[in-house]
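The values are calculated or read from the model by the stated rules, or taken from the named source; none is laboratory data. Worth saying up front: this structure is predicted, and the values here are computed from it rather than measured. Cβ coordinates were reconstructed from backbone atoms using ideal geometry, including for glycine residues, and neighbour counts include every protein chain displayed. To get the accessible areas, we keep the full protein, side chains included, count just its heavy atoms, and leave off ligands, DNA and RNA. Shrake-Rupley method; radii C 1.70, N 1.55, O 1.52, S 1.80 Å.
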Amino acid sequence: MAGAEAALQKKLKAELERYQGLQKELSKCVASRQKLEAQLTENTIVKEELDLLDDSNAVFKLMGPVLVKQDLTEAKSTVGKRLEYITGEIKRCESQMKELERRSDQEREALAKLQQDFQKAQLKAAART
């Protein structure tokens, strides 16, 4: 019976490592989403500020250590595209999070079943001695 216990223990360890890997991936995804949310907020504020301006206002873009004059229409377009990109990345990240959560739930259930099987095997082994 010791061989069966060892096999179950090995399987349990592998399952636990997979589960921990999924949790680590999920936490990276959550951090990434938070960063994207901050960028979205920042760019939304920039868009609102640009919408208050007219063509008589000067708009500057920071390029390295230098401020370079930029066309208002071009600035609005750039910020709009950036907002679209960030929104798309947030959606992608959310779908990835849902998938990771689903897989994590499956791993947790498999892990619980393996733990129960392992405990039963230990009880049977203890009862025989």
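Observations on the model:
- Selection from the stretch 1-50 of residues that are under 30 Å from A127 (Cα atoms), of a type in the set (A, V, I, L, M, F, W, C) and more than 25 Å from the chain's Cα centre (by Cα): M1, A2, A4, A6, A7, L8, L12
- Taken over the stretch 21-64, the criterion of being among the charged types (D, E, K, R) and in contact with a Cys (Cβ under 8 Å, 6 or more places away or on another chain) is satisfied by R33 alone.
- For T41, the conditions (1) among the β-branched types (V, I, T); (2) touching a Lys or Arg at 6+ places or on another chain (Cβ under 8 Å); (3) open to solvent by 60 Å² or more (accessible area, probe 1.4 Å) all hold with the exception of (2).
- Filter pass, A58 being among the hydrophobic types (A, V, I, L, M, F, W, C), free of Cβ contacts under 8 Å to residues at least 24 places away in the same chain and in contact with a strand residue (DSSP E or B) (Cβ under 7 Å, 6 or more places away or on another chain): yes
- Residues satisfying the stated conditions in the stretch 16-37, i.e. more than 30 Å from T87 (Cβ to Cβ) and open to solvent by 50 Å² or more (accessible area, probe 1.4 Å): L16, E17, R18, Q20
- Residue count for the stretch 1-15 under the criterion of being open to solvent by 70 Å² or more (accessible area, probe 1.4 Å) and not polar (S, T, N, Q): the result is 5.
- Once the stretch 87-129 is narrowed to residues that are of a type in the set (D, E) and free of Cβ contacts under 8 Å to residues at least 12 places away in the same chain, the residue that is most open to solvent (accessible area, probe 1.4 Å) is E109.
- Members of the stretch 77-86 that are of a type outside the set (G, A, S) and free of Cβ contacts under 8 Å to residues at least 24 places away in the same chain: T78, K81, E84, Y85
- For the stretch 60-89, residues that are under 30 Å from S32 (Cβ atoms) and either at pLDDT 95 or above or outside any strand (DSSP E or B) (or both) total 18.
- The number of residues in the stretch 54-80 that are surrounded by fewer than 11 Cβ atoms within 10 Å (Cβ to Cβ) and of a type in the set (K, R) comes to 1.
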